Amino acid sequence: MRFYDKLIGIFKSFKDSTSNTGVSANLTAELTLISTLLMACLLLRHINILLSAVILLGFAVVLLTNMPLIPKFKSEQDDSLNKMLFYVIITLGFIITIMYWGGNFV
Amino acid sequence: MNELIPIMVIIPMTCALLLSLFSNQNKLIKGLAFFVAICIPIIPLLSNYGLHYFGGHAPLISNLTGVLYHPAVTYSFQSLQKLFIFLLGILVFLVVFIYINSYKKASGPYLFLIFMGTAAITALMLSDDIFHMFIFFEIAALVQVGIIAASSIEDRYETALKYMIMGSIGGPMLLLGIGILLAITGSVNITDIVYAINHNLVSMNSPVFLLACGLIFFGWLYTSGLPPFHTIKSAVYSKAEPHAAALLQAFTVITLVSILIAMFRIFSNLPIFEALLVGFALLAMILGISMALTQNDFRRMIGFLAVGELGFIVLGIGLNTEFALTAGLFQAINEMIVTALLFIGFGVVADLIKTSDIRKTGGLIAYYPKLAIMILIGGFSMAGVPPLNGFQSKLMLIQASLSSGFPEISIIAILVSIATFVVFVKVFYAMFLKPKPNDLVIPNKKVPRSTIFAMAILLIMCIILGLFPSIITGYISGFVGGLL
């Protein structure tokens, strides 16, 4: 796909945000999301510095190659009961796994 | 007067029942609701600190082991409880005041829900019994569903039903965790459980104990509206009437704080517990602000911001230092005040112009200048602009994370605060400053005086707490000193 088509695709993905304020807000959300998530990855240095570096670089690549993140992000967090239930069950599994097998190691 | 401790729960509960009983007599229920709403913030001020044992069953010392245990449901009233119950009382008074002034005919069942919710949340804050807390949380959850269903906003039934479905997962997990804790410690009294843990009567490495911690933690996420429950919680706020949304967020903050303190007392020796708290706090902050920025419905925007602000509270507790805990609890107080102000302010605008879509609004500053200024200052407070209360608590949190060796958390907190400011710039411009759209009809109605009064009270509290934070932090640090 040519660069021009990619650009048009990106514009089309911002369906509800064609006003100045909407675009500015979405760009702010995009930048805030990326910067805060990368900053949060740095916290892993308290466990292992190498792990932190690897995850930070991997995460940065994933985030930057999947831009724009906000439209995907927003569609995953809409009011659909199915999506809510999916993430609730995933979180329950995550917490129990972390607690059960990693309980005393942080 | 320690007798007043149970009265804090009994009075709103009795009032709720009477309001439901006499729901046909408009003047009577308005008068009763107003009178009790005045009494609720006064009782915690008159009460002495101390404990109350239901049924008069004082703690017993086991002849065999010499261990002290609590056979009765125990209420503990300390400086933190005094602060939160007083503030809840103020909010209840303002909400009831707005309600009875806005409607010619008051609804007994609706007022029942408000007072029953208040009683349940007060009991949650006072109780030293984890099962008792669960019961009152369930009552509060049902009350919240009722309050949403009673509103006049579109899709309210669907949101109420979804919240109940989510509750059918979160509630039982919380109960299961409490049940496991009861099975391994033999008590539901938090002081007894903590004693058993601290004296190695229970192994903290036991997989069953860790499972109980995980289940209670998950249940707490539901009770607090933290991720993954942030979407439904923000929807709940946006579907309630403006004054009710202000009260619902106060219910959520107090539920979060009371269950979090109980969990902190029981599980704080587990290293993973603090890591999980900080992780979910950051997630709430990041998700809350990202979603708020992308919304076009200003009620939903405030709903997501309210959820994001909860992250700051949890962050303070998760950092686990005296200063951080004080900062987190101070943030909880500030959030209750500021978010109530914003829900009432934005809600009344939505009621007047019959839309909450910022693409359809504009030019409202010419029609509602007082309201605009109060909303603007409230927004500044939430974003952490000095010298308002939000600035003080966020500054404390940033200092706490720096001194705990987590500069990354400070940076995230600052980024989130800046993004919060952007949200308010966006919404304030879209509602008040940009030219009025031609198809927007502004009704020839003034903002109700009761609403302006309530917002002014909350705004004064924001300014006073911003200038003199020690009024609150003194009470909190006294409690935190005993907790650690």
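The values are calculated or read from the model by the stated rules, or taken from the named source; none is laboratory data. Note that this is a predicted model, so its numbers are computed, not measured. Heads up, the Cβs are rebuilt from the backbone with ideal geometry, glycines too, and the neighbour counts pull from every protein chain shown.
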Checked B:Ile452, B:Ile463, B:Ile476, B:Ile457 against criteria (in contact with a Lys or Arg (Cβ under 9 Å, 6 or more places away or on another chain), at pLDDT 90 or above and more than 14 Å from chain A (Cβ to nearest Cβ)); the one match is B:Ile452
Go over the candidates B:Leu260, B:Leu247 one by one and state the one that is in a helix (DSSP H, G or I), within 22 Å of B:Thr321 (Cα to Cα) and more than 10 Å from chain A (Cβ to nearest Cβ). B:Leu260
Can you tell me how many residues in segment A:23-66 are within 14 Å of chain B (Cβ to nearest Cβ) and not in a helix (DSSP H, G or I)? 2
Find the residue count for segment B:285-307, including only residues that are over 15 Å from B:Lys426 (Cβ atoms), under 15 Å from the mean Cα position of the chain (by Cα) and within 14 Å of chain A (Cβ to nearest Cβ). 2
Regarding A:Lys12, is this residue part of a helix (DSSP H, G or I), without any contact (Cβ under 8 Å) to a residue 24 or more places away in the chain, more than 9 Å from chain B (Cβ to nearest Cβ) and of a type in the set (D, E, K, R)? yes
Pairs returned, first residue in segment B:198-221 that is touching a residue at least 12 places away in the same chain (Cβ under 8 Å), second residue that is hydroxyl-bearing (Ser, Thr, Tyr) and surrounded by fewer than 24 Cβ atoms within 10 Å (Cβ to Cβ), beta-carbon separation under 6 angstrom, 6 or more apart or interchain, are B:Val202/B:Thr185; B:Leu210/A:Tyr100
Determine whether B:Leu17 is of a type in the set (A, V, I, L, M), modelled with pLDDT of 90 or more, under 23 Å from B:Ala332 (Cβ atoms) and outside any loop (DSSP other than H, G, I, E, B). no
Is it fair to say A:Ser17 is touching a helix residue (DSSP H, G or I) at 6+ places or on another chain (Cβ under 7 Å), at pLDDT 90 or above and either part of a helix (DSSP H, G or I) or within 14 Å of chain B (Cβ to nearest Cβ) (or both)? no
Taking segment B:148-180 and the residues there that are hydroxyl-bearing (Ser, Thr, Tyr) and more than 11 Å from chain A (Cβ to nearest Cβ), the one that is farthest from B:Ile266 (Cα to Cα) would be B:Ser152
When segment B:185-208 is checked residue by residue, the ones that are more than 9 Å from chain A (Cβ to nearest Cβ) and assigned to a helix (DSSP H, G or I) are B:Thr185, B:Ile190, B:Thr191, B:Asp192, B:Ile193, B:Val194, B:Tyr195, B:Ala196, B:Ile197, B:Asn198, B:Val208
Could you please find all residues in segment B:388-419 being assigned to a loop (DSSP other than H, G, I, E, B) and within 11 Å of another protein chain (Cβ to nearest Cβ)? B:Ser404, B:Gly405, B:Phe406
Counting only residues that are more than 8 Å from chain A (Cβ to nearest Cβ) and not β-branched (Val, Ile, Thr), which one in segment B:264-273 is nearest to the chain's Cα centre (by Cα)? B:Phe264
Could you tell me whether A:Ser52 is of a type outside the set (Asp, Glu), modelled with pLDDT of 90 or more and under 27 Å from B:Gly405 (Cβ atoms)? no
Looking at segment B:22-64, which of the residues that are without any contact (Cβ under 8 Å) to a residue 24 or more places away in the chain and under 30 Å from B:Lys105 (Cβ atoms) is surrounded by the most Cβ atoms within 10 Å (Cβ to Cβ)? B:Leu32
If B:Asp129 satisfies every condition in (1) crowded, with 24+ Cβ neighbours inside 10 Å; (2) within 17 Å of the chain's Cα centre (by Cα) but one, which is the exception? (2)
All but one of (1) part of a helix (DSSP H, G or I); (2) surrounded by 13 or more Cβ atoms within 10 Å (Cβ to Cβ) hold for B:Gly482; which doesn't? (2)
Does at least one position in segment B:58-70 carry a residue that is within 25 Å of the chain's Cα centre (by Cα) and not β-branched (Val, Ile, Thr)? no
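Residues checked against (1) β-branched (Val, Ile, Thr); (2) over 30 Å from B:Gly474 (Cα atoms); (3) in contact (Cβ under 8 Å) with a residue 12 or more places away in the chain; (4) part of a helix (DSSP H, G or I):
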{"site": "B:Gln81", "(1), (2), (3), (4)": "no, no, yes, yes"}
{"site": "B:Met116", "(1), (2), (3), (4)": "no, yes, yes, yes"}
{"site": "B:Ala141", "(1), (2), (3), (4)": "no, yes, yes, yes"}
{"site": "B:Ile147", "(1), (2), (3), (4)": "yes, yes, yes, yes"}
List every residue pair whose Cβ atoms sit under 6 Å apart, with the two residues 6 or more apart in sequence or on different chains, where the first one lies in segment B:361-384 and is over 19 Å from B:Ile457 (Cβ atoms) and the second, anywhere, is among the β-branched types (Val, Ile, Thr) and outside any helix (DSSP H, G or I). B:Tyr367/B:Ile442
Does B:Leu211 count as among the aliphatic types (A, V, I, L, M) and more than 14 Å from chain A (Cβ to nearest Cβ)? no
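Of everything in segment B:422-443 that's in a helix (DSSP H, G or I) and either of a type in the set (Ser, Thr, Tyr) or facing chain A (nearest Cβ under 10 Å) (or both), which residue is surrounded by the fewest Cβ atoms within 10 Å (Cβ to Cβ)?
B:Tyr429
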Report, by residue number, each residue of segment A:53-67 that is within 25 Å of B:Leu226 (Cα to Cα) and not aliphatic (A, V, I, L, M). A:Phe59
